[in-house]
Amino acid sequence: MRRDGCASFDRSGYQGVHRCLIALEGPDNLKRFTLYTSDDSARAKSWIKIASILIIVNCLATIPSMAYVPLIPAIKKTITMSGTQLGLFSGLAGILGILCAVPAGMAIKGFGARKVFLSGAAFMIAGLLMLSLSSNFTGALSGRGVWQIGLRFLLPALTAALVVAIPDKRRSTALGIGTAVSMFGTIIGQNTGAWISQTSGWQAAIQFFSAIVFFAALIFFFFYRGGAAARGDILKGDSTVIKPGETRPKSIYSMPSVWLLCMLVIFAGEEGLVDTFAVVQIGETWNTTGMQFAWISSMGMFLAIFINLAAGWCGDRFGRWNILIVSGILNSMVGVCLLIGQFENKEIYIAGILIAKALQLTTLLLANSMAPTFLGGRDVGPIVAIIALGSSLGQYLGPQVIGILRDTTNGYTAGWIYITACGVAATLFAVGFKIYFDRKQKETK
């Protein structure tokens with residue numbers, strides 16, 4: 001029996017595979033197990049096909065999340081939102097991300113990634129349509145809330161399905177490709193949505209986004225059957241933190257290492273802080289317009305395509321914890337560049353923004369690729385949800401801290417020092433995890 005709770009694949013026994021299926025996609029998938037050959041080339045083609053489908057679905061389903069940003073001024077004007085109302089409208093994403101993270105993980109483990117994804121997609125479509133039809137703040141906030149609830153269940157389910165579909169030695173590379181494709185799709189979706197908004201109104205653009213999510217759900221429904229999860233070798237190569245003879249914890253939520261991983265993600269989430277406050281400071285200091293900042297931001301997102309591809313490949317080649325350490329160091333440099341650059345050195349300041357945008361999803365893709373490392377395949381969903389919780393907490397709490405420091409000190413220096421400290425903390429967490437897992441791996445030999 002493998003330490004992750006799933007039996008190794010062989011031609012004679014399906015018991016361990018059945019356990020994996022119940023946890024990831026439900027017992028019905030056992031019927032499809034016999035459809036897969038044990039031939040290596042056939043297995044490789046199978047996981048590549050499943051991963052490709054999921055990457056395309058992920059790209060389409062996540063487009064509305066960032067592509068709607070250029071529509072905010074038009075939405076604010078139509079709904080006549082105050083500054084406080086706009087803050088609540090935008091911040092609702094972080095609040096619901098925190099509230100839905102643990103329930104999403106439990107739902108994935110209990111009902112399977114397929115059902116949770118399709119339910120989340122239905123909520124997203126309904127919420128986007130509600131928003132497009134709203135004429136007052138209550139309606140807009142309700143639509144935004146339903147949309148975000150669906151998103152907070154859809155994304156962990158999709159990520160869990162993708163993680164278990166990919167062999168361990170290719171997982172970071174595949175997730176890096178998925179992240180890069182999503183960034184490219186977001187750039188196209190953002191510009192398309194802005195064009196539709198200018199020609200037909202922001203309501204039509206939001207409805208266009210809902211159609212994209214519907215199309216993603218159709219692809220998922222017809223082409224994803226959890227085939228990769230039906231193979232006992234999908235998680236082969238993962239070394240868990242449970243040593244032979246050790247008692248498995250009753251719940252993934254009782255493992256300190258999982259919550260420490262959540263903390264690492266929290267400290268690595270400075271990108272949203274830069275978006276929120278750097279756009280204000282760069283305008284105050286150098287009279288940079290919103291369009292000029294959008295161009296800088298787009299450059300960073302374009303760099304993110306290549307950075308995430310490189311981070312994924314390097315994670316599989318040189319070790320994921322090693323790349324997380326490098327990422328933490330670079331995240332520390334974001335705060336340093338902003339701190340130094342704010343004193344009339346625009347080039348260094350812009351470099352800090354570009355680094356932040358380029359690395360904005362690197363920690364998430366590396367952390368998600370290591371989800372099976374903790375307890376194996378059957379707990380991937382809850383661990384991915386906890387990682388999402390860390391991301392949401394970072395996006396919500398970080399701006400609050402920076403805002404308080406800004407109001408208290410009447411400047412941005414303290415905030416940029418805080419970002420630097422967060423990068424250092426993320427680096428130290430990654431170093432600690434590397435030492436911990438290296439020791440565990442030696443003990444299990």
Segment 44-107 and segment 173-195: distance between their alpha carbon centers, rounded to Å: 13 Å
Could you tell me how far the Cα centroid of segment 131-158 sits from the Cα centroid of segment 361-438, in Å? 25 Å
If LEU86, LEU162 are ordered by their accessible area, calculated over protein heavy atoms with a 1.4 Å probe, which sequence runs from highest to lowest? LEU86, LEU162
Working with all protein chains in place, sort PHE343, PHE437 by solvent-accessible area computed with a 1.4 Å probe, largest first. PHE343, PHE437
Simple spin-label estimate for THR138/LYS49, 7 Å along Cα→Cβ, in nm, reads 5.2 nm
Keeping all protein chains in the complex and leaving out DNA, RNA and ligands, what accessible area do you get for LYS442 with a 1.4 Å probe, in Å² to the nearest 10? 150 Å²
Overall form of segment 88-197 per C-alpha gyration tensor (a/c, 1.5; a/b vs b/c): oblate
Report, to the nearest whole %, how much of the accessible area of segment 283-364 belongs to carbon and sulfur atoms, 1.4 Å probe, protein only. 72 percent
How big is the accessible area of THR288 in square angstrom, nearest 10, if you roll a 1.4 angstrom probe over the protein chains? 20 Å²
For segment 320-397, Rg(Cα) over 2.2 N^0.38 Å is 1.35
Could you order the peptides 184-192, 122-130, 92-100 from most to least packed, using the average number of other C-beta atoms within 10 Å per residue? 122-130, 92-100, 184-192
At LYS434 and PHE111, where each label point lies 7 Å from the Cα along Cα→Cβ, what is the point-to-point distance in nanometres? 4.1 nm
Rounded if a/c is under 1.5, else prolate if a/b beats b/c, else oblate: with a ≥ b ≥ c from the C-alpha gyration tensor eigenvalues square-rooted, which is segment 366-425? prolate
LYS357 accessible area, assembled protein chains, probe 1.4 Å, Å²: 10 Å²
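The values are calculated or read from the model by the stated rules, or taken from the named source; none is laboratory data. Everything quoted here is computed from the prediction, not taken from an experiment. Note that each Cβ is placed from the backbone with ideal geometry, even for glycine, and that neighbours are counted across all protein chains shown. Side chains are part of the model used for accessible areas, which takes the heavy atoms of the whole protein and leaves out ligands, DNA and RNA. Shrake-Rupley method; radii C 1.70, N 1.55, O 1.52, S 1.80 Å.
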